[in-house]
1. Got a number for residues in the stretch 92-108 being within 15 Å of residue 142 (Cβ to Cβ) and without any contact (Cβ under 8 Å) to a residue 60 or more places away in the chain?
2. Would you please name the residue that is nearest to the chain's Cα centre (by Cα), looking only at residues in the stretch 63-102 that are loosely packed, with under 11 Cβ neighbours inside 10 Å and of a type in the set (S, T, N, Q)?
3. For the stretch 107-115, indicate whether the set of residues that are among the β-branched types (Val, Ile, Thr), over 18 Å from residue 19 (Cβ atoms), surrounded by 22 or more Cβ atoms within 10 Å (Cβ to Cβ) and in contact with a helix residue (DSSP H, G or I) (Cβ under 8 Å, 6 or more places away or on another chain) is non-empty.
4. Has the stretch 193-205 got any residue that is more than 14 Å from residue 8 (Cβ to Cβ) and modelled with pLDDT under 95?
5. Search the stretch 117-142 for residues being modelled with pLDDT under 95 and charged (D, E, K, R), and hand back the single one that is nearest to residue 85 (Cα to Cα).
6. Can you confirm whether residue 140 is over 24 Å from residue 248 (Cβ atoms), surrounded by fewer than 20 Cβ atoms within 10 Å (Cβ to Cβ) and hydrophobic (A, V, I, L, M, F, W, C)?
7. Could you check the stretch 183-208 and list, in sequence order, the residues that are among the aromatic types (Phe, Trp, Tyr) and surrounded by 24 or more Cβ atoms within 10 Å (Cβ to Cβ)?
Amino acid sequence: MATLQALLFDVDGTLADTERDGHRPAFNMAFAKAGLDWVWDEALYGELLAVTGGKERIRFYLEKFNTEFVKPDNFDEFVKSLHASKTDFYTELMAQGKIPLRTGVENLINQARQAGMRMAVVTTTTPENVTALLQNTLGADSESWFEVIAAGDVVPAKKPAPDIYLWALEKMNLTAADAIAFEDSINGYKSSAGSNLKTIITINEYTKDDDFTGAELILDQMGDAKSGFTVLGGTLDTNTLGDAMFLDLALVHKIFAA
C-alpha cells in the first residue's frame, strides 16, 4: 500500500477566497489605472473563472464579453502590462491583510509542517501572488515551507491540463500514488484528476455548482473545532470520517489510505 508523502495545495479559492476579494478588485484597479472603463463585477467574474490564468482571462473577456474593444497593435504587451499592474495591486491588498486563509487551512499546514510532511503549491497564479498570500497570512519566509512552488507560466498548458501537477510531482521525484491534492474548482479538479491524484475538494461561492464527480471527498470547508465541515459528496465511504469535524493531518492520512 502506498504511503502518503506529500500534500499538494491549489491557492486561489482553496487556501483563501482570493478570487472574489483579491484578484477581481485588483483587476478592476489595474483597468482604472490604465484608463479603461472595464468593470468586472462578481457575476461576470464568475463567468471569467471558466478560464485559468490572469492574462488568459483578460483575453477571454475581450473575446467573449467585450468584443467591440479595438485591440492595440502591441496587444500581447498590452495584456502583459495590464496583468503586471493587477499583480501589483493584488500584492498591495495582501499586504493590507484584506484576505485571510480559509477556515482550517493554517491548522492543516502547521500540522503537516510539524510532522515533516512534504508540501507543494500547485497553481496557475503568479509566483508573486503566492508569496504575497503566504507571507501575509502564515508569516515571513513561509513559502520556504513548501518544497516546490509550481506557479504561473512554468508549464505552457495551465489547468485544467494536468501539466502543472505532473511538473510538481517530477520536481519532487514522486508519483501520483504518493500524494494528495487539495482543490476548489472544476478546472483544478480536472488538472489533479488528470494527473491521477486523489483529490479533496473544498468548494467556495464561485464553485459550489461545479461537477466534482470522481473526487474522493467534497467539503464546504476544511473546518476547525468551532466550525466543522459539511460533507457534500465524493467517492469516499463517509464511515472513514467517523465523527471528525475538521480536516487534520490524521484524517487526510485516513482519506488517502481508504
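The values are calculated or read from the model by the stated rules, or taken from the named source; none is laboratory data. Remember, predicted model here, so these are calculated numbers, not experimental data. Every residue, glycine among them, receives a Cβ derived from its backbone with ideal geometry; neighbour counts consider all protein chains shown.
1. Going through the stretch 92-108 one residue at a time, the tally reaches 3.
2. So the residue we want is 96.
3. yes
4. Checked against the condition, which is being more than 14 Å from residue 8 (Cβ to Cβ) and modelled with pLDDT under 95, the stretch 193-205 yields at least one hit.
5. Out of the qualifying residues, it is 128.
6. Yes; evaluated as a whole, the condition is true for this residue.
7. 189
Table: residues versus (1) within 17 Å of residue 103 (Cα to Cα); (2) among the acidic types (Asp, Glu); (3) within 14 Å of the chain's Cα centre (by Cα).
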{"residue": "157", "(1), (2), (3)": "no, no, no"}
{"residue": "168", "(1), (2), (3)": "no, no, no"}
{"residue": "175", "(1), (2), (3)": "no, no, no"}
{"residue": "189", "(1), (2), (3)": "no, no, yes"}
{"residue": "196", "(1), (2), (3)": "no, no, no"}
{"residue": "212", "(1), (2), (3)": "no, no, no"}
{"residue": "215", "(1), (2), (3)": "no, no, no"}
{"residue": "220", "(1), (2), (3)": "yes, yes, no"}
